[in-house]
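Below is one structure; the comments refer to it alone.
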Amino acid sequence: MGFDDLVKEVCTRSFLQSLAKRGFRKLCVQCGSSEDLFVPPRTESATFGIAIESFGYTSSPQRFIEQAELVICHAGTGSILEALHSRKPAIVVVNRRLMDDHQSEIAQELSARGYVVATEASGLAEAVANGSYGKLIPYPNADPQPIGEILDEETSL
């Protein structure tokens, strides 16, 4: 399942400008099934000098996460756990179009504890611009399996 709103948002002028103002020079996007909606600007001036690359799916997202300075991902439990486990700052983007809005509950709780920044796709540029991801608390080293099981149980996934 893709996340059309997020894929479209990372192509916007406001998002790219926010990244550039924060010193980012590269954007790597996993588009999934929303790949046909990924239409970034074509000129260097329109991308604010950010090198942009994309791909559909990968069986090893961890290698991309390891290279990242900032992880921006959808707020699915698995994606959040991968970001937390990497100890990289993370902005998690909630997809409210899902039936039970379970992503919002998980993302807001982890945000309240200072582990991630939670936003919706429409607020992503602002979340990057305000730089609050730089003040996040690293997630404690622990086995992520139990928390995943608890989250799955609590959200009936």
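The values are calculated or read from the model by the stated rules, or taken from the named source; none is laboratory data. Keep in mind it's a predicted model, so treat the numbers as computed, not measured. Cβ placement follows ideal geometry from the backbone for every residue including glycine, while neighbour counts extend to all protein chains displayed. Ligands, DNA and RNA are stripped out before the accessible areas are found, and what is left, the full protein with its side chains, is counted by its heavy atoms. Shrake-Rupley method; radii C 1.70, N 1.55, O 1.52, S 1.80 Å.
For the reader, a short list of remarks on this structure follows.
- So residue 39, is it free of Cβ contacts under 8 Å to residues at least 40 places away in the same chain and either assigned to a strand (DSSP E or B) or within 22 Å of residue 89 (Cα to Cα) (or both): no
- A Cβ distance below 8 Å, combined with a sequence gap of six or more or placement on separate chains, defines the contacts here; from the range 8-22, residues that are within 16 Å of residue 38 (Cβ to Cβ) reach residues that are aromatic (Phe, Trp, Tyr) and assigned to a helix (DSSP H, G or I) in the pairs 9/15.
- Against the conditions (1) in a loop (DSSP other than H, G, I, E, B); (2) over 19 Å from residue 151 (Cα atoms); (3) of a type in the set (Phe, Trp, Tyr), residue 115 satisfies every one except (2).
- Of the criteria (1) of a type outside the set (Asp, Glu); (2) over 13 Å from the mean Cα position of the chain (by Cα); (3) within 17 Å of residue 136 (Cβ to Cβ); (4) open to solvent by less than 60 Å² (accessible area, probe 1.4 Å), which one residue 41 fails: (3)
- Residue match in the range 85-101 (condition: touching a Pro at 6+ places or on another chain (Cβ under 8 Å) and surrounded by fewer than 20 Cβ atoms within 10 Å (Cβ to Cβ)): yes
- The combined condition, being open to solvent by 20 Å² or more (accessible area, probe 1.4 Å), part of a loop (DSSP other than H, G, I, E, B) and free of Cβ contacts under 8 Å to residues at least 24 places away in the same chain, is not fulfilled by residue 79.
- With respect to (1) at pLDDT below 95; (2) touching a helix residue (DSSP H, G or I) at 6+ places or on another chain (Cβ under 6 Å), the lone exception for residue 118 is condition (1).
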